[in-house]
1. All but one of (1) without any contact (Cβ under 8 Å) to a residue 24 or more places away in the chain; (2) within 29 Å of Asp137 (Cα to Cα) hold for Ser65, so report the exception by its number.
2. Report yes if Asn52 is over 23 Å from the mean Cα position of the chain (by Cα) and surrounded by 14 or more Cβ atoms within 10 Å (Cβ to Cβ), otherwise no.
3. Do you know which residues across region 227-266 are more than 27 Å from Glu133 (Cβ to Cβ) and charged (D, E, K, R)?
4. Say whether the condition of being farther than 23 Å from Tyr203 by Cα, at pLDDT below 95 and in contact with a Lys or Arg (Cβ under 9 Å, 6 or more places away or on another chain) is met by at least one residue in region 136-156.
5. Could you check region 26-42 and list, in sequence order, the residues that are buried (at least 22 other Cβ atoms within 10 Å of the Cβ) and in contact (Cβ under 8 Å) with a residue 60 or more places away in the chain?
6. Under 9 Å between Cβ atoms, at least 6 apart or on separate chains: pull out the pairs that start in region 8-20 with a residue that is within 18 Å of Leu139 (Cβ to Cβ) and assigned by TED's automatic domain parsing to the domain that holds Glu102 and end on any residue that is of a type in the set (Asp, Glu) and buried (at least 16 other Cβ atoms within 10 Å of the Cβ).
7. Just name the residue that is surrounded by the fewest Cβ atoms within 10 Å (Cβ to Cβ) out of those in region 180-203 that are charged (D, E, K, R) and under 16 Å from Thr218 (Cα atoms).
8. Do you know which residues across region 76-118 are among the β-branched types (Val, Ile, Thr) and surrounded by 13 or more Cβ atoms within 10 Å (Cβ to Cβ)?
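The values are calculated or read from the model by the stated rules, or taken from the named source; none is laboratory data. Because the structure is predicted, anything quoted here is derived from the model rather than measured. Please note: Cβ atoms are built from the backbone with ideal geometry, for glycine as well, and neighbour counts cover all protein chains shown.
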Amino acid sequence: MDDSTHQNSKFWLIPEFNNLELFRAKAIHHTYTRHSHPGYSIGIIEDGVGGNFYQGSTYLAPPSSIILMNPEEAHTGYAVNDLPLTYRMLYPSANLIQELLEMQVYKFPYFQEAVVQDKTLARNICYLHAVLEKCHDCLEKQSLLVEVFSAVFCRYADTKIKPAKLGNEQRIVSSIKDYLQDNFRSNISLKQLAELTNLNRSYLIRVFRKAVGMPPYTYLNQIRVEQAKHLLMQGAAIADAATAVGMSDQSHLNRHFKRIVRITPGRFRSMSISFKTSEC
């Protein structure tokens, strides 16, 4: 990942996703003159009100608004009333979107609205953006990218995606679960699961979620947390436990451990050791 940070803004590229460009800005007052991007522009306003002139109209975007712009379409951008503006942007290429959604189309999807209100999707876009900045887990990054972009384009562009059906796929779901159980220490990729099952990535995630109630990367992190619990109960250091179960670092384990167990790994370790001592 290549990045450039200047004061209150940061720009970086992710080569593995067709040089996906990402940008975040905190409390800026900058005004952008008319310009366009070669790919799509997908963003979220976190604080302040963003404004832009696009397709002959002026749009105002308050907090939690989602910004959606099509490739090669000129627009401006500014902080309304010159008040601080905090936002995040992703700039996927049209080829990346077609590849991720594995669409068989003769034209690329087209957003009809420049600003939409969808709080759940806005939170998911924000989370995806944060994960792409800091997370090193291949399956989590790739799965989130497919899930979030699928939701964006299905809801707000002329894109249709095959619904998940459970029939023979139950056997496939079992094979994915077995693979994740056997290889949880590895940095598993979505491509590996697609090759294992011969399903396209987007459909694979939907089928697995429908059967298990969670996407593959969440299931994998659940396996890792359970394995970490056993190591922590044996007195392993948190950083060592994180590495042993395939987490990228201690903070990665801490984040998922708290989400699943509701306490920190350190607290869990202390309680386990204390319980063992009191038994004696």
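1. All conditions pass for Ser65, except number (1).
2. Numbers: over 23 Å from the mean Cα position of the chain (by Cα): yes; surrounded by 14 or more Cβ atoms within 10 Å (Cβ to Cβ): yes.
Yes; evaluated as a whole, the condition is true for this residue.
3. Lys229 - this is the single residue of region 227-266 that is more than 27 Å from Glu133 (Cβ to Cβ) and charged (D, E, K, R).
4. In the first step, residues of region 136-156 are kept if they are farther than 23 Å from Tyr203 by Cα; the result is 136.
Retained after the next criterion (residues that are at pLDDT below 95): 136.
Now drop any that are not in contact with a Lys or Arg (Cβ under 9 Å, 6 or more places away or on another chain), which leaves none.
Among the residues of region 136-156, not one is farther than 23 Å from Tyr203 by Cα, at pLDDT below 95 and in contact with a Lys or Arg (Cβ under 9 Å, 6 or more places away or on another chain), which makes the answer no.
5. Going through region 26-42, the residues buried (at least 22 other Cβ atoms within 10 Å of the Cβ) turn out to be 39-42.
Listed by number, the residues that qualify are Tyr40, Ile42.
6. Ile14/Glu21
7. From region 180-203, those charged (D, E, K, R) are 182, 185, 191, 195, 201; that's our starting set.
When the remaining residues are screened for being under 16 Å from Thr218 (Cα atoms), the result is 182, 185, 201.
Values: Asp182: 10, Arg185: 14, Arg201: 23.
Out of the qualifying residues, it is Asp182.
8. Quick first cut of region 76-118, residues among the β-branched types (Val, Ile, Thr) only: 76, 80, 86, 97, 105, 115-116.
Once the filter is applied, which keeps residues that are among the β-branched types (Val, Ile, Thr) and surrounded by 13 or more Cβ atoms within 10 Å (Cβ to Cβ), region 76-118 yields Thr76, Val80, Thr86, Ile97, Val115, Val116.
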